[in-house]
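Structure first, then comments.
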Amino acid sequence: MNNNTKGLLYAGFTALLWGFLAIALKISLYTLKPATVVWFRFSIAFIILLVSLSIFDKKMIKSVKALPPMVFLAALFLGLNYLGFITGLQKTTPGTAQIFIQIGPVSLAIAGIIFFKERITWKHFAGLLLLVLGFYLFYSQQNPGSIEDATNLRNGVIFVMLGGLCWAGFSVLQKIMVSKHNPNHLNMVIYGFSALVLLPFVEYSKIPDLTLNDWLLLIFLGLNTLLAYGSLALALKYAEANKISMIITLNPILTFVTMAILEILAVSWIEYENFTYLSILGAILALIGVSVVVLKRKKE
């Protein structure tokens, strides 16, 4: 198997995990505030990675000491991405958050043009136009019940998009670093530093009241973080940024399908989506726009 195929498979696994992530995060917000959920995600992922590397990687300490200061900036970007996405998700729905977070892959593709010298073409402009049109159509079809709901929707979308921009910043830095450093070592430091920064914002009084289901959900979120970003780091190491972005844009489809199945099953533990035909059309246009932007042109 060549490196490019490996990279695309790792990116596909990341997209699969992220397809379920928004739904799990939404459920966790019924019990805990965003910063606490994010802290648990980072802490669980850090502890698992630290223990496993301590056992199986004897060169871990020496390698970590050699990591560049850029790793802390990457941790800051990823922490802001997590907080932006989950804060926006708290004010919107999983489907809405998954649509507007697509600003992340688009920004990564644009960063590929700027930093990795990938050539810009008319397709990029056409894709951006479709993306903006899709965003507008999708947003315009949301039907808040009150002024407060409308404000929450607007603020939620803003937070999600800011989170997407921060994700692109993280991915650029990660792509630069994985060419010279072990992805697992990078991620361990990123998770640990992010968890440390979030310590003052944790709701410690809520922890003793967590049920078994709450803990299982938090462990799932931690494992999702560990596996998704481990796969993303390897994908960035083996494949080009725009190809990775193309695969990752598939995760909203899985979220929409899962939410539709949950509505058919009439579960009571999550709020259903309420999309019109025009909002679905807007979502499709947005995803097509993202796909066009991140698609690599054929080499001359």
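Read-outs: derived from the displayed coordinates by stated rules, not from any lab. Please read these numbers as outputs of a predicted model, since none were measured by experiment. Heads up, the Cβs are rebuilt from the backbone with ideal geometry, glycines too, and the neighbour counts pull from every protein chain shown.
At-a-glance table
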| item | result |
| --- | --- |
| Overall form of segment 123-253 per C-alpha gyration tensor (a/c, 1.5; a/b vs b/c) | oblate |
| Estimated FRET transfer efficiency (Ile47, Asn274; beta-carbon r; R0 51 Å; 0.05) | 0.85 |
| Selected from Trp122, Trp18, Trp215 as most flexible by GNM, with the chain as the system and alpha-carbon contacts under 10 Å | Trp122 |
| Test item: Cα-centred dipole of the chain, Lys/Arg +1 and Asp/Glu -1 on Cβ, debye | 1420 |
| Segment Ser140-Phe56, extension gain: residue separation times 0.36 nm, minus the distance between their alpha carbons | 25.0 nm |
| Segment 167-220: C-alpha gyration tensor shape, a/c 1.5 cut-off, then a/b vs b/c | prolate |
| Net charge of Cβ neighbours under 13 Å - reference Trp269; Lys, Arg +1; Asp, Glu -1 | -2 |
| Of Lys59/Lys237; Lys33/Lys65; Lys6/Lys175, those spanning more than 22 Å from alpha-carbon to alpha-carbon | Lys33/Lys65 |
| Per-pair calculated FRET efficiency, R0 = 25 Å: Ile113 and Phe72 via Cβ, rounded to 0.05 | 0.45 |
| Pairwise FRET efficiency - Phe125 versus Ala24, Cβ, R0 = 22 Å, nearest 0.05 | 0.05 |
| All Cα pairs of segment 3-294, percent lying beyond 28 Å | 36 |
